[in-house]
Amino acid sequence: MEPTETRSFPILIVDDDPVIVKQLTWLFKEEGPVLSAGTFSEALEIFLREHPPVAILDLSLGEENTENDGMALLRLFSEADPDFHGIILSGSVDRPKALEAVRLGAYDLLDKSIEPEELKKIISRAYNRALLGRDSRKPVPKTQEVSTESAATSWVVTEDPKLLEILRTLAKVAKTTISILITGESGTGKEVFARACHELSPRKEGPFVAVNCGAIPENLLESELFGHEKGSFTGATQSRPGKFEVADGGTLFLDEVAELPLELQVKLLRVLQDKIVERVGGRVGKKLDVRIVAATNRDLKEQMAKGYFREDLYYRLGVMNFHLPPLRERGGDVLVLARYFLNRFRELHGKQNLVDFSQGSYTMIQKYSWPGNIRELENRVQRAVIIAGGKWISQEDLDISLEAEPEKSAGISPGNLQDARADAEKRMLCDALEQARGNISQVARAIGTSRPTVHAMIKKYGLNPGMFKEP
């Protein structure tokens, strides 16, 4: 095992040579419990009683009947526990036996002359992967003690020290009612983080309502967030509550909050300050108890400098800020998550015959930069599980190319799309102002928006309507 770690579950040593059993027991006893057996039946009895996650198995066991050798135990143990990891030890490792061991799901097949420290490293990796597989099959707990690290980490799969520290802070902040701002690239798990905040808070029995501000047309966004009264606009045949009212007593998650138009940013700021929501077309506000968690993949300080985002709203939303690192900066988490998704989708799609990723696949997963982060990894693993034809997920199943990664070959930076949209919007506004000779009402009708929105756009781009009027 790793020198600084101890095992909570036993490992099983199966060998008919008592000297080897004694040596291996001595080698591993300091890290945790060790079980041993000298015969096939004894090993099977111990396994069914103790369910060890890892076993070191002698290939022959001194049995003339090959149905009772180490390979047979490996097959039985793997069938009983899909997350079991068996290591075969043999005095002579030949290719047919090696292939058979791989087919049966062996973690490794080793010569008995292997150095003790090397064997300890291999067993440590096997043990950690076996426990990770078991943990991924456990149902997510519904109630947790929010002050503990385990409560926060139960919602986010990670072994990264920096992210674990962020989760410890989250467990403390979740108990309060302060607004939270989550930043990070697309696919880094911002909504999962927001849900964790909700579930770890005292308002976990209330609703969690998610709104993607960038996916709703601008002319519908105000009504979607704040609700509307009957007759407040064409098509409003009945009154309807907005997402703020639906989230009363719970958490409202505003994803891609940087996409909010400026006039709605003003209204959101008022709600954050007064805790009162007024529907479109309404005259009386409603007092609400809603916690706001916002998220964006944009640099809001840069957006503020360009006039796209209000500074006062930024400080209201970001009473507490959390930045989620991209997957490429989370060290070994890419393998941890790949294994987690494999276990999940293997069960979901009924592919219990799948044993693991091939070694080549593991290498590919580690080398790839994952521009789409966790979302891309999840999608690729699910695809691989579905199309895999054998017991191992191959590099072809993952469909990853290191030669032309999306973020490198496309030459696209996160800010380009926003800048392109802004340029197009500005050109459209200038054309409308020129055609309307600076008449704001005509401009609003021409581009299908309201006068306040036109004024906000003019201010945003630093334009002077007077310059478009006839001399």
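For a quick check of your reading of the model, give me the residue pairs whose first member lies in the stretch 58-77 and is more than 20 Å from TYR107 (Cα to Cα), whose second is crowded, with 18+ Cβ neighbours inside 10 Å and at pLDDT 80 or above, with beta-carbon atoms closer than 7 Å and at least 6 apart or on different chains.
So the pair list comes out as GLU63/PHE40.
Which one is farthest from MET457 (Cα to Cα) among residues in the stretch 230-248 that are open to solvent by less than 30 Å² (accessible area, probe 1.4 Å) and assigned to a loop (DSSP other than H, G, I, E, B)?
ALA247
Any idea which residue in the stretch 350-363 is nearest to ALA338 (Cα to Cα), counting only those that are out of contact with any Phe, Trp or Tyr (no Cβ under 8 Å at 6 or more places or on another chain) and open to solvent by less than 30 Å² (accessible area, probe 1.4 Å)?
TYR362
Filter the stretch 55-103 down to the residues that are part of a helix (DSSP H, G or I), of a type in the set (A, V, I, L, M, F, W, C) and modelled with pLDDT under 80 and list them by number.
Those that are part of a helix (DSSP H, G or I), of a type in the set (A, V, I, L, M, F, W, C) and modelled with pLDDT under 80: LEU76, ALA80, ALA98, LEU99, ALA101, VAL102.
Considering each of SER413, SER409, SER441, SER401 in turn, give the residue that is more than 30 Å from ASP299 (Cβ to Cβ), open to solvent by 20 Å² or more (accessible area, probe 1.4 Å) and at pLDDT below 80.
SER441
Only one of these is under 28 Å from ILE458 (Cβ atoms), in contact (Cβ under 8 Å) with a residue 40 or more places away in the chain and in contact with a His (Cβ under 6 Å, 6 or more places away or on another chain): VAL257, VAL280, VAL266, VAL211. Name it.
Matching residue, one of VAL257, VAL280, VAL266, VAL211: VAL280.
What number of residues within the stretch 239-256 satisfy the criterion of being modelled with pLDDT of 85 or more and over 21 Å from ARG291 (Cβ atoms)?
1
Just give me the residues in the stretch 109-124 being part of a helix (DSSP H, G or I) and either at pLDDT below 85 or in contact with an Asp or Glu (Cβ under 7 Å, 6 or more places away or on another chain) (or both), in sequence order.
The answer is ILE122, SER124.
Name, by its number, the condition in (1) in contact with a Lys or Arg (Cβ under 9 Å, 6 or more places away or on another chain); (2) modelled with pLDDT under 60 that does not hold for LEU132.
(2)
Going through the stretch 273-294 one residue at a time, which ones are at pLDDT 85 or above, loosely packed, with under 15 Cβ neighbours inside 10 Å and of a type in the set (Val, Ile, Thr)?
The one that is at pLDDT 85 or above, loosely packed, with under 15 Cβ neighbours inside 10 Å and of a type in the set (Val, Ile, Thr): ILE276.
Out of the residues in the stretch 347-363 meeting the condition of being without any contact (Cβ under 8 Å) to a residue 40 or more places away in the chain and part of a helix (DSSP H, G or I), tell me which one is farthest from ARG129 (Cα to Cα).
Restricting to residues being without any contact (Cβ under 8 Å) to a residue 40 or more places away in the chain and part of a helix (DSSP H, G or I), the top hit is LEU348.
Starting from residues that are of a type in the set (Asp, Glu) and in a loop (DSSP other than H, G, I, E, B), keep the ones in the stretch 184-227 and report whichever is surrounded by the most Cβ atoms within 10 Å (Cβ to Cβ).
Selected residue: GLU185.
Of everything in the stretch 287-298 that's within 15 Å of THR176 (Cβ to Cβ) and not in a loop (DSSP other than H, G, I, E, B), which residue is farthest from the chain's Cα centre (by Cα)?
ARG291
Six or more apart or on different chains, Cβ under 9 Å: which pairs go from a residue in the stretch 436-456 that's among the small types (Gly, Ala, Ser) to one that's open to solvent by 20 Å² or more (accessible area, probe 1.4 Å) and not in a helix (DSSP H, G or I)? Could you list them?
That search, which allows pairs on different chains as well, returns GLY438/ASN464; GLY438/LYS469; GLY438/GLU470; ALA444/SER450; ALA456/PRO261.
I'm told LYS301 meets every condition in (1) in contact (Cβ under 8 Å) with a residue 24 or more places away in the chain; (2) assigned to a helix (DSSP H, G or I); (3) open to solvent by 30 Å² or more (accessible area, probe 1.4 Å); (4) of a type in the set (Lys, Arg) except one. Can you identify the failing condition by its number?
Every listed condition holds for LYS301 apart from (1).
Any idea which of (1) closer than 30 Å to GLU396 by Cβ; (2) basic (Lys, Arg); (3) open to solvent by 60 Å² or more (accessible area, probe 1.4 Å) is the one ARG316 doesn't satisfy?
Status for ARG316: all satisfied but (1).
Modelled with pLDDT of 90 or more, in contact with a strand residue (DSSP E or B) (Cβ under 6 Å, 6 or more places away or on another chain) and over 30 Å from LEU337 (Cβ atoms): is that true of LYS190 in this structure?
no
With the requirement that a residue be in contact with a helix residue (DSSP H, G or I) (Cβ under 7 Å, 6 or more places away or on another chain) and more than 22 Å from LEU272 (Cβ to Cβ), what does the stretch 153-183 give you?
THR153, TRP155, VAL156, VAL157, THR158, GLU159, ASP160, LEU164, LEU167, ARG168, ALA171, listed by residue number.
The values are calculated or read from the model by the stated rules, or taken from the named source; none is laboratory data. Computed from a predicted structure; not experimentally measured. Note that we place each Cβ from the backbone using ideal geometry, even for glycine, and neighbour counts take in every protein chain shown. Note: areas computed on protein heavy atoms with side chains; ligands, DNA, RNA excluded. Shrake-Rupley method; radii C 1.70, N 1.55, O 1.52, S 1.80 Å.
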